[in-house]
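For reference, the structure discussed in these notes is given below.
The values are calculated or read from the model by the stated rules, or taken from the named source; none is laboratory data. This is a predicted model, so every value here is computed, not measured. Here Cβ is always computed from backbone atoms with ideal geometry, including for glycine, and neighbour counts include all displayed protein chains. For the accessible areas, the whole protein counts, side chains as well, though only heavy atoms, and no ligand, DNA or RNA atoms are used. Shrake-Rupley method; radii C 1.70, N 1.55, O 1.52, S 1.80 Å.
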Amino acid sequence: TRMTSLTSNPMEDIENMEENSGHRRSRSNPGPEQTRPQPPRSLDFPSATSSISLTTPSSPGVVLGKTTKLENIKNWTISTYKCSRQSLYEKMGKTSKTVDPELEDQIETLRNTQKKYSDILRLARALSSHFFNLVQTQNSLGECFSDLAHKSPELQQEFLYNAEAQRNLTKNGQHLLASLNFFVSSVNTIVNKTMEDSLLTVKQYETARVEYDAYRTDLDFYAAAKETEANQMKLSETQVSFNNKKAEFEKLRSDVQIKLKFLDENRVKVMAKQLLLFHTAVSAYFSGNQVALEESMKQFAGKVKTPATSWIEQ
């Protein structure tokens, strides 16, 4: 092993290392004949070549995508303009609209029914909320009576009877409260889910109807226009669009009719059951409470002695 002397010249050590490695660096500026280190060339790995083509902004795929987006925006703009024009002309009475009187009556009936059921839902929720507070108050009052029965020996029986009455009221009230909450949940499902789903289909149907009438108006216009090459081309394009809108309109009309039919049948079945349960729960609550109160009053009258007349009454 060769040891480097502490007094040796570092430059000589570097030259010795270069001689051993076959390279020589001159202390002066290198001449033109001296070979400089070349940057490494790119390595060719045939096995690493990927077959996936990269999509650049100028590739046909991006151009096609942009063209499709622009075409969709153009079609949407034209359709929106036609529908807005059709709606405006209908309100002004300048054009006709497709009307299905029977279906329109069913849709109007559905909207009125949803409004009335929404009122029932709002009032049922208010009743449930108020009755919950009542049950909580009765429970607290019964606990207060029970506590005072142990602290007031002179009124122990009176407090115990009232505590028992409030406990009976609380127990029966909890049963009625559960029935009220179940009734609210069922009506909420009918109003905000079942009916709302049908009305969403109705909105789609009404939009399709406006589009259908808009393209029908254009079709009638080009059919009555002068027979030129441009008009004939527009007539052909409008006919294709009209056929598509007509098929969509008829499909949605059929969907609305089916949904309204099943909605009405389902509503009648569900509400008949819920109204019966609601009536039974309310009747059982008040009749049960009356029996409990009468029994409590009988026990109270039989066991409690009539107090002496106070000096105020005298």
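Of the residues SER198, SER241, SER152, the single one that is of a type in the set (Gly, Ala, Ser) and under 22 Å from ILE258 (Cα atoms) is SER198. Checking each residue in the range 132-166 for being aromatic (Phe, Trp, Tyr) and buried (at least 17 other Cβ atoms within 10 Å of the Cβ) picks out PHE145, PHE159, TYR161. Specify which of the listed residues (LEU200, LEU177) is open to solvent by less than 40 Å² (accessible area, probe 1.4 Å) and in a helix (DSSP H, G or I). Exactly one residue qualifies, and that residue is LEU177.
Return yes when LEU277 is modelled with pLDDT of 85 or more, within 21 Å of LEU176 (Cβ to Cβ) and surrounded by 11 or more Cβ atoms within 10 Å (Cβ to Cβ) and no when it is not. So LEU277 passes the test. Answer yes if at least one residue in the range 76-86 is without any contact (Cβ under 8 Å) to a residue 60 or more places away in the chain and either outside any helix (DSSP H, G or I) or surrounded by 13 or more Cβ atoms within 10 Å (Cβ to Cβ) (or both), and no otherwise. No, the conditions are met nowhere in the range 76-86. Would you point out which residue out of THR56, THR95, THR49, THR67 is at pLDDT below 75 and touching a helix residue (DSSP H, G or I) at 6+ places or on another chain (Cβ under 9 Å)? Every option except THR56 fails the conditions.
Scan the range 97-128 for residues that are open to solvent by less than 70 Å² (accessible area, probe 1.4 Å) and not in a helix (DSSP H, G or I) and the total you get is 2. Of the residues in the range 187-197, at least one is hydroxyl-bearing (Ser, Thr, Tyr), open to solvent by 10 Å² or more (accessible area, probe 1.4 Å) and at pLDDT 90 or above.
Just one of the numbered conditions (1) farther than 30 Å from HIS175 by Cβ; (2) part of a helix (DSSP H, G or I) is not true of PHE131: (1). Taking each residue of the range 217-229 that is in contact (Cβ under 8 Å) with a residue 12 or more places away in the chain and looking for partners that are surrounded by 10 or more Cβ atoms within 10 Å (Cβ to Cβ) and assigned to a loop (DSSP other than H, G, I, E, B) with beta-carbon atoms closer than 7 Å, six or more apart or interchain, yields THR217/THR95.
For every residue, the table says whether it meets (1) assigned to a helix (DSSP H, G or I); (2) at pLDDT 90 or above; (3) farther than 30 Å from GLY93 by Cα; (4) within 39 Å of the chain's Cα centre (by Cα).
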| position | (1), (2), (3), (4) |
| --- | --- |
| ALA247 | yes, yes, no, yes |
| GLU250 | yes, yes, no, yes |
| ASP255 | yes, yes, no, yes |
| ILE258 | yes, yes, yes, yes |
| GLY288 | yes, no, yes, no |
